[in-house]
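Peer 1: Structure in structure tokens, see below.
The values are calculated or read from the model by the stated rules, or taken from the named source; none is laboratory data. Model, not experiment: these values are computed from the prediction. Using ideal geometry, Cβ is built from the backbone for each residue, glycine included, and neighbour counts are taken over all protein chains shown. Note: accessible area is taken over every heavy atom of the protein model, side chains too, but ligands, DNA and RNA are not part of it. Shrake-Rupley method; radii C 1.70, N 1.55, O 1.52, S 1.80 Å.
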Amino acid sequence: MCPRVGGGKGAAGTHVRYNAAVLRVTEIFHSIQGESTHAGRPCVFVRLTGCNLRCVWCDTAYAFHGGSAWTVGDVVDRVSAFDCRLVEVTGGEPLLQADAITLMRALLDRGYEVLLETGGSLPIETVPEGVRRIVDIKCPGSGESERNRWDNLDVLRPGDELKFVIASRDDYDWAADAVRARRLEDKATVLFSAVHETLPGGELARWVLDDGLPVRVQLQLHKVLWPAAAQGV
């Protein structure tokens, strides 16, 4: 049975419209956005279950399996229980589930500002207009750089962001070469994020400054705020 949490105005109509669309959900929680240009903003996170990648440094491996079945209507109702208008659909890899698209449309229909965090190995062109897509480009240190779908660069929209997670100097050099060769700063905001447990953020920042690279350095703010928490942040 799908979990049901009472929503606000229009909840019944949402269930009628979306009761056939079912997602596997690991968790839904309210926290501070820790990454992207939206870092620091209160946000509701909908973490879907399942991933087609196995990045070496992954910090959400608990979302690979398990989860619970929720209708899209029930997910929207749960989101509406929080007093927050920013929602991120994340994973795992949310685009593995076809009804993630249905969920994003439902959230947009309710007037939410919607972010999508995706690993960059799957097509993004079916993501609804109005969703801001944060697309990973996997560096070699992830063990998954051969899975990057470079065609996604051709369908980026205003408001989209590209994120490199960097674990070492080798990763940095590879990412910097990609930014320069593909002029990525002309396509989207480019984020360089240090692997929290591996690369000091100050070291990454110094490399960017020394090279004059047109990217935005980010830290995982949620890990600074709640360093002991593994889930729900």
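Peer 1: Being modelled with pLDDT of 90 or more, open to solvent by 30 Å² or more (accessible area, probe 1.4 Å), touching a Gly at 6+ places or on another chain (Cβ under 7 Å) and on the phi < 0 side of the Ramachandran plot: is that true of Leu96 here?
Peer 2: Details: modelled with pLDDT of 90 or more: yes; open to solvent by 30 Å² or more (accessible area, probe 1.4 Å): yes; touching a Gly at 6+ places or on another chain (Cβ under 7 Å): yes; on the phi < 0 side of the Ramachandran plot: yes.
So Leu96 passes the test.
Peer 1: Can you confirm whether the range 69-86 contains a residue that is closer than 24 Å to Pro158 by Cα, among the hydrophobic types (A, V, I, L, M, F, W, C) and at pLDDT 95 or above?
Peer 2: Narrowing the range 69-86 to residues closer than 24 Å to Pro158 by Cα: 84-86.
Next, only the ones that are among the hydrophobic types (A, V, I, L, M, F, W, C) stay: 84, 86.
Then drop every residue that is not at pLDDT 95 or above, which leaves 84, 86.
Within the range 69-86 (the criterion being closer than 24 Å to Pro158 by Cα, among the hydrophobic types (A, V, I, L, M, F, W, C) and at pLDDT 95 or above), the answer is yes, since at least one residue qualifies.
Peer 1: Given the structure, is Glu197 in contact (Cβ under 8 Å) with a residue 60 or more places away in the chain, open to solvent by less than 10 Å² (accessible area, probe 1.4 Å) and charged (D, E, K, R)?
Peer 2: Values: in contact (Cβ under 8 Å) with a residue 60 or more places away in the chain: yes; open to solvent by less than 10 Å² (accessible area, probe 1.4 Å): no; charged (D, E, K, R): yes.
The answer is no for Glu197.
Peer 1: Which fully enclosed helices (runs of 4 or more DSSP H) of the range 129-233 have 1 or more residues being closer than 26 Å to Ile32 by Cα? Can you show your working first?
Peer 2: Details: elements: 169-182, 201-211, 221-225.
By residue number, 201-211, 221-225.
Peer 1: Condition first: within 24 Å of Ala61 (Cα to Cα), without any contact (Cβ under 8 Å) to a residue 60 or more places away in the chain and crowded, with 20+ Cβ neighbours inside 10 Å. Can you find one or more residues in the range 138-146 that meet it? Steps first, please.
Peer 2: If we filter the range 138-146 for residues that are within 24 Å of Ala61 (Cα to Cα), which is where we start, we get 138-146.
Those still in the list that are without any contact (Cβ under 8 Å) to a residue 60 or more places away in the chain too: 139-140, 145-146.
Of the ones still in play, those that are also crowded, with 20+ Cβ neighbours inside 10 Å are 139.
So far as the range 138-146 goes, yes, one or more of its residues are within 24 Å of Ala61 (Cα to Cα), without any contact (Cβ under 8 Å) to a residue 60 or more places away in the chain and crowded, with 20+ Cβ neighbours inside 10 Å.
Peer 1: Of all residues being small (Gly, Ala, Ser) and open to solvent by 50 Å² or more (accessible area, probe 1.4 Å) in the range 200-233, which is farthest from Asp160 (Cα to Cα)? Just the residue, please. Quick ask: steps written out before the conclusion?
Peer 2: First, pick out the residues of the range 200-233 that are small (Gly, Ala, Ser): 201-202, 205, 212, 228-230, 232.
If we keep only those that are open to solvent by 50 Å² or more (accessible area, probe 1.4 Å) too, we end up with 202, 212, 228, 230.
Working: Gly202: 26, Gly212: 22, Ala228: 30, Ala230: 27 Å.
Filtering the range 200-233 for residues that are small (Gly, Ala, Ser) and open to solvent by 50 Å² or more (accessible area, probe 1.4 Å), the one farthest from Asp160 (Cα to Cα) comes out as Ala228.
Peer 1: Of (1) in contact with a Leu (Cβ under 8 Å, 6 or more places away or on another chain); (2) within 30 Å of Pro227 (Cβ to Cβ); (3) crowded, with 22+ Cβ neighbours inside 10 Å, Leu103 satisfies all except one. Which?
Peer 2: (2)
Peer 1: What's the total number of residues in the range 120-136 that are of a type outside the set (S, T, N, Q) and either open to solvent by 10 Å² or more (accessible area, probe 1.4 Å) or over 19 Å from Gly91 (Cβ atoms) (or both)? Break it down into steps so the answer makes sense when it comes.
Peer 2: Within the range 120-136, the subset of a type outside the set (S, T, N, Q) is 120, 122-125, 127-136.
Those still in the list that are either open to solvent by 10 Å² or more (accessible area, probe 1.4 Å) or over 19 Å from Gly91 (Cβ atoms) (or both) too: 122-123, 125, 128-130, 132, 136.
The total comes to 8.
Peer 1: Tally up the residues in the range 76-87 that are closer than 29 Å to Arg149 by Cα and buried (at least 24 other Cβ atoms within 10 Å of the Cβ), please.
Peer 2: Quick first cut of the range 76-87, residues closer than 29 Å to Arg149 by Cα only: 86-87.
When the remaining residues are screened for being buried (at least 24 other Cβ atoms within 10 Å of the Cβ), the result is 87.
Residues flagged as closer than 29 Å to Arg149 by Cα and buried (at least 24 other Cβ atoms within 10 Å of the Cβ) within the range 76-87 amount to 1.
Peer 1: Among the numbered conditions (1) modelled with pLDDT under 95; (2) surrounded by 14 or more Cβ atoms within 10 Å (Cβ to Cβ), tell me where Trp174 comes up short.
Peer 2: (1)
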